[in-house]
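Peer 1: First, the structure itself, so that you have it in front of you.
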Amino acid sequence: MTGSENTEHDKKSGGLFSNFGDKVNELAGGGAAGEAKEDKLDKAIDWVQEHVLHQGQQKDESASEQFKDEQISDFIRKEYKNVTGSELPVKDK
């Protein structure tokens, strides 16, 4: 195979490092495993990002996307407590 044919083959098959990248992402808390660990507030943030902000599908997010969502949910929890004086009724996972 020539260089361009090899690159095209890698794109179709996911490439040599595709599975490695997926495993690293999962170990960092991303992918389907990370999605399963989200609480209801995190899922609500995903819904707003997908349907209101039109940021695309929020399933199988990278670890960095899930980290960003967790930062948003932590901020919401903190501000809710500052305003109401009580914890947000949705438990953090």
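The values are calculated or read from the model by the stated rules, or taken from the named source; none is laboratory data. Quick caveat, the model's predicted, so the values are computed rather than measured. Quick reminder, even Gly has a Cβ in these numbers, built from the backbone with ideal geometry, and neighbours come from all protein chains shown. The accessibility values were calculated without ligands, DNA or RNA, using every heavy atom of the protein model including side chains. Shrake-Rupley method; radii C 1.70, N 1.55, O 1.52, S 1.80 Å.
Peer 1: Is there a residue in the range 66-79 that is free of Cβ contacts under 8 Å to residues at least 24 places away in the same chain, farther than 20 Å from LYS37 by Cβ and either open to solvent by less than 60 Å² (accessible area, probe 1.4 Å) or among the β-branched types (Val, Ile, Thr) (or both)?
Peer 2: no
Peer 1: Further, regarding this structure: Could you please tell me which pairs satisfy a Cβ distance under 7 Å, a separation of 6+ or placement on different chains, a first residue in the range 35-55 that is farther than 18 Å from PRO89 by Cβ, and a second residue that is basic (Lys, Arg) and open to solvent by 100 Å² or more (accessible area, probe 1.4 Å)?
Peer 2: GLU35/LYS59; LYS37/LYS93
Peer 1: How many residues are in a helix (DSSP H, G or I) and open to solvent by 50 Å² or more (accessible area, probe 1.4 Å) if we restrict to the range 45-65?
Peer 2: Total meeting the criteria: 7.
Peer 1: From the list SER73, SER86, which residue is over 20 Å from the mean Cα position of the chain (by Cα) and either at pLDDT 60 or above or part of a helix (DSSP H, G or I) (or both)?
Peer 2: Within the list SER73, SER86, the selection yields SER86.
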